[in-house]
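Single-structure report; data block below.
Nothing in this text is a laboratory measurement; each read-out follows from the coordinates by a stated rule. All values derive from a computational prediction rather than experimental measurement. Don't worry about glycine lacking a Cβ; one is built from the backbone with ideal geometry, like all the others, and counts go over all protein chains shown.
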Amino acid sequence: ANYMYDDAYRTEKEAKSLLVYVDEELLRLALAKYDKLIRRHPSSDKIDDAAYRAAGIFEFFKDYTIALIYYQRAYQWNPEFDLPARYKAARILDHQMSRRAEALELYRESLAKEKLSNDQTLYVNRRIKDLTGMNNGLQEK
């Protein structure tokens with residue numbers, strides 16, 4: 001499973017290696033490799049990482065419904081997962097699906113459980129204020 005994850009990750013990085021061009025076929029290949037790892041090694045400690053990386057690829061392709069599922073799987077399979085899967089799931093729920101109550105819950109969880117950048121932390125705090133009406137009601141930023 002570790003080899004499969006490393007192989008998929010290398011393929012994904014190769015797809016994004018050029019500054020202005022993403023090789024979409026290589027991204028699809030990386031996605032297939034992540035999915036294969038998840039199917040073949042469901043008890044591996046790499047499936048949460050594979051789900052997170054796959055979610056990012058689905059998000060790149062604007063398949064937000066599937067990206068959301070994969071982000072959710074990352075933290076469901078590993079409740080201690082500290083990459084910003086909850087944050088990214090919350091943003092999809094918030095901005096792509098208008099499911100703001102669910103987004104609010106995940107924004108709060110992301111603050112408590114994930115390693116967020118300073119910008120992400122500021123963003124989450126602002127969205128929590130917006131969604132709870134602490135900034136003059138529900139506003140989109």
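Values for this structure:
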item	result
Count of lysine pairs in the stretch 1-138 with Cα separation under 22 Å (8 or more residues apart, or interchain)	25
Simple spin-label estimate for residue 125 and residue 16 in nanometres, 7 Å along Cα-Cβ	2.7
In degrees, nearest ten, helix 2-15 long axis to first principal axis of the chain (Cα)	70
Degrees separating the helix 24-40 axis from the principal Cα axis of the chain, which is the longest one	90
Kirkwood Rh, angstrom, the chain [1 / mean 1/r, Cα pairs]	15.8
Percentage relative contact order, the chain, counting C-alpha pairs under 8 Å, at least six apart	14
Three-way shape label, the stretch 43-106, alpha-carbon gyration tensor, a/c 1.5	oblate
